[in-house]
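Participant: Please see the structure below; I have some questions.
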Amino acid sequence: MLKPRVLLTWSLVMGVLLSLASCEDYLDKTDESIISPDEAFKNFTNFQGYTEELYHCIPDFTNAYWTNSWNWGDDEIQSTARDFHLIVKIDNGNFWGWQSQFDGWGAGWMDNPNATANDDRFTKDLWNMGWYGIRKANIGLENFDKLTDATPEQKNLIKGQLLFFRGWFHFQFMQYFGGLPYIDYVLPSDEKLTLPRLSYRECAERAAQDFREAADLLPVHWDNTAVGRNTLGKNDLRINKIMALGYLGKNYLWAGSPLMNQESTGNRSYDPELCRKAAEAFAELLALCESGDAPYRLLPFDDYHENFYTTGQNWQIPGGSEAIFRGPYYGANGSNWGTSKQYQPAPVIADGDVKFLPTANYVDFYGMANGLPIADITQADAESGYDPEYPWRGRDPRFYHDIVFDGVKCVQGSMPADVAQDRYANLYTGGSYRNIGTGSRTGYLLYKFIPITANKYDDGYGWGNNLNIHIPWMRLSDVYLMYAEAAAQAFNAPTGQVSGYGKTAVDALNFVRDRAGVGHVADLFLGSLEAFMGEVRRERAVELAFEGHRFNDLRRWMLLIDQPYTLKKSVEFDRVGEFNAEDPTQNRVVNLREVVILERNFSSKHYWLPLKNDDVNIYAEFKQNPGW
């Protein structure tokens, strides 16, 4: 795995080089400190050192603060002890809260006034480092002709990385704010800005050109190149063809989704042509992986957790063979200072007061092991096998991986006798784990990103365990599901398929389910595109749960402001009968019901985040988003 420090091996002095021209007017420099552009970009070592600062511009949304918020849909709710995280502001309809001036704690990863491209996880943000990264990429591209002492392979690697990052930062901005100016040249410091906001589609087409060219220039993995052999085995984070194809497809799928298509054309349906382009990019990527030409594979389900965390290995970055795009990871075991504690009830088995809980309504998306959904948790279903008296029996295996429900054994080792009753998750109504301030508000706990031993009794977050939590921006199962969505919409059927690639839309979805041992999509969902899309949306909800996708998915599907997606619920029930400590799925409950604990009052303006007023006031053509 690639450590952040490895990214600096090409040339430390060039890795800290800033915008050569832009700094000249306002920085006092001694003559000997000035490095000429000809020297900075003349060979691969120097140019790669310059380029690698772009990797340190990638936000670490998993570890940007002591505790971290990145799930803002209907999937998660925070405990009530604190209210500074963005999730609380989003729940209150205050989308201004992404901006640093509305975040007195400095806890957000979207905007940080102290943002820098160093090795401090607390200084990574999207807004400042994104624009900085775009400018840096443009400076590199405008000086590309100075790279004379380099092989064709080396030139391709440099240009491919610069193009990818320019497209990637623009894409991240677009998905939150809509169409923006696409900055593909170095803006002069003395030029009056008049660049208009493009439509989402216009902006996406420009990003697609960068991603496509980057994919054509880059190898499937740097280990296969002469340059990459200098850092053999440590190239997993370096931008390659698979990453570029993944974001080429995602960029097209987002542009073709209802919200973005409405912004571009006024039509709130999918754009089949953009979906076709997305499906083709995903198919190209998946064919390379399935043929063995690219090293990406779905992890076995027994190793599923390695997508998100590792233990016992100092500096071991999670992701394995499935992670496609990640940023550098800063600080071995740094996750244990807060991130690992934010999912466990305090003071019962953990410290801290900021807790993030899965909503009961979202947990309902985890259907049955046979692949069928649960229509109503209060009603028995003979076909699926769901029984409301045993609501956690026979569920999708990912449910048991991700969710702690009532009766699960949370402490494995010894406990003081006076707290021994808290060894098992007392999540029934009135149980010791239920606490709206610092415990569970919803009747569930989220353990997708932590081992079961991450508590104060098992020393799961002690230094000896080396727990490293780092969620990838894109992993392979996401690509399969995006292909399923794009191919179905492009060809208007669950059997939609890109010519030359071996999987249909439903095949790709079922392939992801196969890894977890979940039943295939039932025939009743294959009769129409809309019926199938319900399973596509549910599969994304389950497979990618709590990884930061849901908020943007609900937005692009134009579901964010509609019930039931505006509701956050708890599950309420009573235990009856003898408690089964060995198999909590066999514990019987009664009076099972869900209660609304929060309803979000959203309007159409909440489909886009507001831009900074200071920025939209710079010039008239840079307009604020509607309603803000």
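No lab work stands behind these numbers, since they all come straight from the coordinates. Keep in mind that what you see is a predicted model, and the values were worked out from it rather than measured. Positions of Cβ are backbone-derived with ideal geometry, glycine not excepted, and every protein chain shown enters the neighbour counts.
Participant: If you take the square roots of the eigenvalues of the alpha-carbon gyration tensor of the stretch 176-227 and sort them as a ≥ b ≥ c, do you get rounded (a/c under 1.5), prolate (a/b over b/c) or oblate?
Facilitator: oblate
Participant: Where the centroid of each part is defined by its Cα atoms, how far is the stretch 76-149 from the stretch 387-433 in Å?
Facilitator: 36
Participant: Ok, one more. Of LYS89/LYS192; LYS136/LYS612; LYS89/LYS456; LYS159/LYS250, which sit over 28 Å apart, Cα to Cα?
Facilitator: LYS89/LYS192; LYS89/LYS456
Participant: Compute the Cα gyration tensor for the stretch 307-378, then decide on rounded, prolate or oblate, letting a ≥ b ≥ c be the square roots of its eigenvalues: rounded whenever a/c is under 1.5, prolate when a/b is larger than b/c in the other cases, and oblate in all that remain.
Facilitator: Cα axes put the stretch 307-378 in the oblate bin.
Participant: Okay, helix-only estimate at 222 nm for the chain: each DSSP H run of n ≥ 4 adds -39500 (n - 2.57), divide by all residues, round to 500 deg cm²/dmol; what do you get?
Facilitator: Estimated from H runs of four or more residues: -9000 deg cm²/dmol.
Participant: Along the Cα→Cβ direction, 7 angstrom out, place labels at ASP583 and GLU383. What is the inter-label distance in nm?
Facilitator: Simple spin-label model gives 2.7 nm for this pair.
Participant: Averaging sequence separations of C-alpha pairs under 8 Å and six or more residues apart, then dividing by the length of the stretch 202-276, give the relative contact order as a whole percent.
Facilitator: Relative contact order, the stretch 202-276: 27 percent.
Participant: Relative to the longest principal Cα axis of the chain, at what angle does helix 152-177 sit, 0 to 90 degrees, rounded to 10?
Facilitator: That works out to roughly 50 degrees.
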